[in-house]
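The values are calculated or read from the model by the stated rules, or taken from the named source; none is laboratory data. In this text the structure is predicted, and so the values were computed from the model without any measurement. With ideal geometry, Cβ positions are generated from the backbone for all residues, glycine too; neighbour counts draw on all protein chains shown. These accessible areas exclude ligands, DNA and RNA; they are computed on the full protein's heavy atoms, side chains included. Shrake-Rupley method; radii C 1.70, N 1.55, O 1.52, S 1.80 Å.
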Amino acid sequence: MNLTATLFLQLIVFLILGGFTMKYVWPPIVKALDERAKKIADGLAAADKAKSDLALADRKAVEELRAAREKAGEIRANAERQASEKIDDARAEAAHIIAQAREAAQAEAGVAAQRAREALRDQVALLAVAGAEKILRREINQKVHTDLLANLKQELQ
Amino acid sequence: MATEHAAQAPSAGEYIVHHLTHLNNTGERQANVVDWSIVNYDTLFYSLGLGILTVFLLWLAARKATSGVPGRFQGGVEMLVEMVADQAKGIIHSAESRRFVAPLALTVFVWIFFMNAMDLLPVDLLPTLWQQATHNPHAYMRVVPTADLSATLGMSIGVLLLCVYYNIKIKGAAGWAHELFTAPFGAHPALWPVNFLMQIIEFLAKTISHGMRLFGNMYAGELVFMLIALMGGAWAVSTSGVLLAIGHVLAGTAWAIFHILIILLQAFIFMMLTLVYIGQAHEEH
């Protein structure tokens, strides 16, 4: 247990070594440590973000799928509705055309019947007149009988 | 040792004294307890050499330090740095002061650990090599710098100077003077001398115990190693020598293993006290 001037030299060495470490050793190591800590923190944050992004994307995909399915169903329903509408329209038009044709045919038939009837009436009248003429050839007053025949003709209408 | 000293057959006392004598500038054993004209070359050589080794190793790690995946060496140094940085953060609350004090604490820890670890080398290895190199069988050499009170007190006085520096820096010269006279008992003028005396005693006690603690542990450890070596050395001249040799092996192994704990613990304690004392310089009473 002796004290010597070694003490002062040791003191100086002590401070110099501390100073060296402060200048050349501590800062780079602490910097590297801080940087690595930051890197790790960033990495963890990125991983978290990726995870939440993935969950979000999943949810979005499911939603889109559902929307697409809904839309497809809607389109199919629309198409079916349109098709049935078209069929109904066509059916209605066909019925309409048939009805029109039938009407026209009936009208034509009616007119023809009328005409035939009138022709027949004329001929019957002429026949009746001719008959009556033959019967009543001997009758003196043809004038009186003309009125009579006109009345008969009227009645036949 | 047995072969080296068998010719001269030194007594146990002579052996111990020889081993506890420094290689100094006088070439002789120091006569007075305090002699400022003496410089211990061996202490200086080993402490400086180990100090340079310390900062070189730390610098090696620092030079290649990247934020990428660290190697084992870099990882080890980083663990040390983080340990010291955490301790410093808990004790010294000024980031500005930590910029010097934390690296200092790291250096002190590693450096003192290396100096203490010199104790684990066989006690006669380096001195014998030195004696053969100088062709002087009486050449002195001590290889554990921390077993030299001058070295440990040198460092603890370094810590004291830093305490004074930070006291003045943080509190101002007037503020520190005020604290010296008014703490711990109070501001009453009658208490000023008592306060001042207490403060001086506190600083002295802190510094001396700081240096003495390390010195005492290492000195005692060294002494025990020498006694164990003596026991083994007695093998050659004793009839029951084989038992002594076995005792040497057992005791040497046990003490060396236990000493691993001590050298690490003492290095850590010195570092922590360095931080604590400098931290106290930052606190207002």
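According to a simple spin-label model (label point 7 Å from Cα along Cα-to-Cβ), what is the distance in nm between A:Ile87 and A:Leu65?
Using points 7 Å along Cα→Cβ, the separation is 3.4 nm.
As a check on your grasp of the helix formula, calculate [θ] at 222 nm for the protein assembly as shown: sum -39500 (n - 2.57) over DSSP H runs of n ≥ 4, divide by the residue count, round to the nearest 500.
Working: 12 runs with 346 residues, N = 442.
Using -39500 (n - 2.57) per qualifying helix, the result is -28000 deg cm²/dmol.
Calculated FRET efficiency, B:Leu53 and A:Ala46, Cβ-Cβ r, R0 41 Å, to nearest 0.05? Write down the numbers at each step before the final one.
On the way: r = 42 Å, r/R0 = 1.02.
It comes to 0.45.
Would you mind giving the total buried accessible surface between chains A and B, with a 1.4 Å probe and ligands, DNA and RNA left out, rounded to the nearest 100 Å²? Mind showing how you got there, number by number?
Numbers: alone 14480 and 15450 Å², together 26110 Å².
Summing both chains' loss of accessible area gives about 3800 Å².
Using the charge dipole of the protein assembly as shown (Lys, Arg: +1 at Cβ; Asp, Glu: -1 at Cβ; taken about the Cα centre), state which of B:Tyr165, B:Gly279, A:Leu65 has its Cα farthest towards the positive end.
After comparing all options, I get A:Leu65.
Taking the Cα of B:Met198, stepping 7 Å toward and past its beta carbon, and measuring to each backbone N in region B:154-186: which are under 12 Å?
Taking a point 7 Å out along Cα→Cβ of B:Met198, the residues of region B:154-186 whose backbone N falls under 12 Å are B:180-186.
In debye, nearest 20: dipole of the protein assembly as shown around its Cα centre with unit charges on the Cβ of K, R (+) and D, E (-)? Provide the component values of the computation, followed by the final result.
Details: 37 positive and 40 negative charges, 324 e Å.
Computed charge dipole of the protein assembly as shown: roughly 1560 debye.
What is the helix-to-structure angle for B:95-117, meaning the angle in degrees between its Cα long axis and the longest Cα principal axis of chain B, kept from 0 to 90 and rounded to the nearest 10?
10
Pop out a list of residues from region B:143-175 that are at least 50 Å² less accessible with all the protein chains around than in their chain alone; 1.4 Å probe, no ligands or nucleic acids counted.
Hits at the 50 Å² cut-off: B:Ser150.
Just to be sure I understand the model, the point goes 7 Å from the Cα along the line to the Cβ. What's the resulting A:Arg137 to B:Ala254 distance in nm?
Using points 7 Å along Cα→Cβ, the separation is 18.4 nm.
Determine the distance separating the Cα centre of region B:129-149 from the Cα centre of region B:103-118; give it in Å without decimals.
Each part's Cα centre sits 22 Å from the other's.
Quick one: which bits of region B:78-106 get at least 50 Å² less accessible when the partner protein chains are in, versus the chain alone, with a 1.4 Å probe?
Buried by 50 Å² or more upon assembly, which counts only protein chains, are B:Glu78, B:Val81, B:Phe100, B:Pro103.
Using 0.36 nm per residue, how much length does the chain from B:Asn136 to B:Phe181 gain when fully extended, once their Cα-Cα distance is taken away? Mind showing how you got there, number by number?
Details: separation 45, 0.36 × 45 = 16.20 nm, distance 5.63 nm.
Length gained, B:Asn136 through B:Phe181: 10.6 nm.
Report the paramagnetic label zone for B:Met212: residues of region A:1-40 whose backbone N is under 16 Å from a point 7 Å from Cα along the Cα-to-Cβ axis.
A:1-3
As I understand it, the dipole of the protein assembly as shown uses +1 on the Cβ of Lys and Arg and -1 on the Cβ of Asp and Glu, about the Cα centre. Which of A:Ala45, A:Val13, B:Gly247 lies farthest toward its positive end?
A:Ala45
Please report the carbon-and-sulfur percent of the accessible area for chain B; probe 1.4 Å, protein heavy atoms only, DNA, RNA and ligands left out.
Values: 9810 of 13660 Å².
Carbon and sulfur: 72 percent of the exposed surface of chain B.
State in Å² the accessible area per residue of region A:13-156; use a 1.4 Å probe, count heavy atoms of protein chains only, and round to the nearest integer. Kindly include the intermediate steps, with their values, before the conclusion.
Numbers: 11820 Å² over 144 residues.
Accessible surface, normalised per residue, equals 82 Å².
What does the charge count near A:Leu56 come to, summing +1 for each Lys or Arg and -1 for each Asp or Glu among other residues with Cβ under 15 Å from its Cβ? Kindly include the intermediate steps, with their values, before the conclusion.
Numbers: positive: A:Lys49, A:Lys51, A:Arg59, A:Lys60; negative: A:Asp48, A:Asp53, A:Asp58, A:Glu63, A:Glu64.
Once all neighbours under 15 Å are counted, the net charge is -1.
Measuring with a 1.4 Å probe in the full set of protein chains, what accessible area per residue, in whole Å², belongs to chain B? Don't skip to the answer; put the middle values down first.
On the way: 13660 Å² over 285 residues.
Value for chain B: 48 Å² per residue.
Could you list which residues have their amide H under 5 Å from that of B:Asn24, counting only those 5 or more apart in sequence or on another chain, with H placed in the peptide plane?
Under 5 Å from the amide H of B:Asn24: B:Tyr41.
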